[in-house]
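Novice: Before anything else, here's the structure in question.
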Amino acid sequence: MAELATIARPYAEALFKAQGSDLAATAVWLDELAAVAEDPQLLQLAENPKVETAQVFDVMTGVVKATLPDAAKNFLRLLIENARLPALPEIANQFRSLKNAASGSSDAVVYSAFALDAQALADVAATLEKRFGRKLSVKVEIDPSLIGGIRAVVGDEVLDTSVKARLEQMKVALIS
């Protein structure tokens, strides 16, 4: 994967510099394009020598739900023409990292056994922001194997208060 990261870095940095005042909106459309670019069938279509770049562009813009600004369309055309579509998810990751570094925030993934309502999510986000000492952009993923509680991942730090983790700790304590 180091190769994709190396390919993605200049694109992410250039996009970050070009979209300096509109980073949040850029992150939205970039994440949406990255989600579409992860589809293996689309990548196979893009690699087909019989398919023209305009056709790949039309397929991608047709799948994306939001209306893309001109900057997004130009960026997408550039990636397709240079056969860099497989690097788009990594470009989005690196762009998000640059955006977070500039704003002093981080992405957080909260794994929960059950869906969290808006109030519970706001409480969890506030607690995590206090714990990690920075502004967080929280995303929730459901993981029924946790049984209860949450597991928060912020960068390379993990806070695990799930029932599953507590049971594992009890198991280790009983065995030793």
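The values are calculated or read from the model by the stated rules, or taken from the named source; none is laboratory data. Keep in mind that this is a model prediction, so the values were computed, not measured. Counting neighbours? That spans all protein chains shown, and the Cβs are built from the backbone with ideal geometry, glycine included. Side chains are part of the model used for accessible areas, which takes the heavy atoms of the whole protein and leaves out ligands, DNA and RNA. Shrake-Rupley method; radii C 1.70, N 1.55, O 1.52, S 1.80 Å.
Novice: Name the residue, out of 18, 12, that is within 24 Å of residue 139 (Cα to Cα), touching a residue at least 12 places away in the same chain (Cβ under 8 Å) and aliphatic (A, V, I, L, M).
Specialist: Going through 18, 12 in turn, the sole match is 12.
Novice: Now, a different point. Do we find that residue 105 is closer than 30 Å to residue 143 by Cβ, within 13 Å of the chain's Cα centre (by Cα) and of a type in the set (Ser, Thr, Tyr) in this structure?
Specialist: no
Novice: Still on this structure: When you look at residue 88, is it surrounded by 12 or more Cβ atoms within 10 Å (Cβ to Cβ) and more than 26 Å from residue 154 (Cβ to Cβ), yes or no?
Specialist: So residue 88 fails the test.
Novice: Same structure, new question: Can you find a residue in the stretch 122-133 that is among the aromatic types (Phe, Trp, Tyr) and more than 19 Å from the chain's Cα centre (by Cα)?
Specialist: yes
Novice: Quick one: count up the residues across the stretch 120-167 that are more than 17 Å from residue 104 (Cβ to Cβ) and either outside any strand (DSSP E or B) or without any contact (Cβ under 8 Å) to a residue 12 or more places away in the chain (or both).
Specialist: Total meeting the criteria: 23.
Novice: Only one residue in 69, 49, 86 is closer than 30 Å to residue 135 by Cβ and either under 21 Å from the mean Cα position of the chain (by Cα) or not β-branched (Val, Ile, Thr) (or both), so which one is that?
Specialist: 69
Novice: If you don't mind, another one. Tell me, which helices (runs of 4 or more DSSP H) lie completely within the stretch 1-91 with 1 or more residues that are at pLDDT below 95 and in contact with a Phe, Trp or Tyr (Cβ under 9 Å, 6 or more places away or on another chain)?
Specialist: By residue number, 2-18, 23-37, 70-81.
Novice: In this structure, is residue 72 small (Gly, Ala, Ser) and within 17 Å of residue 99 (Cα to Cα)?
Specialist: Against the criterion (small (Gly, Ala, Ser) and within 17 Å of residue 99 (Cα to Cα)), residue 72 qualifies.
Novice: Now, a different point. Of all residues in the stretch 30-48 being among the hydrophobic types (A, V, I, L, M, F, W, C) and either in contact with an Asp or Glu (Cβ under 7 Å, 6 or more places away or on another chain) or over 12 Å from residue 88 (Cα atoms) (or both), which is most open to solvent (accessible area, probe 1.4 Å)?
Specialist: It comes out as 45.
Novice: Given the conditions (1) of a type in the set (Gly, Ala, Ser); (2) out of contact with any helix residue (DSSP H, G or I) (no Cβ under 7 Å at 6 or more places or on another chain); (3) over 30 Å from residue 17 (Cα atoms), report the number of the one that residue 145 does not fulfil.
Specialist: (2)
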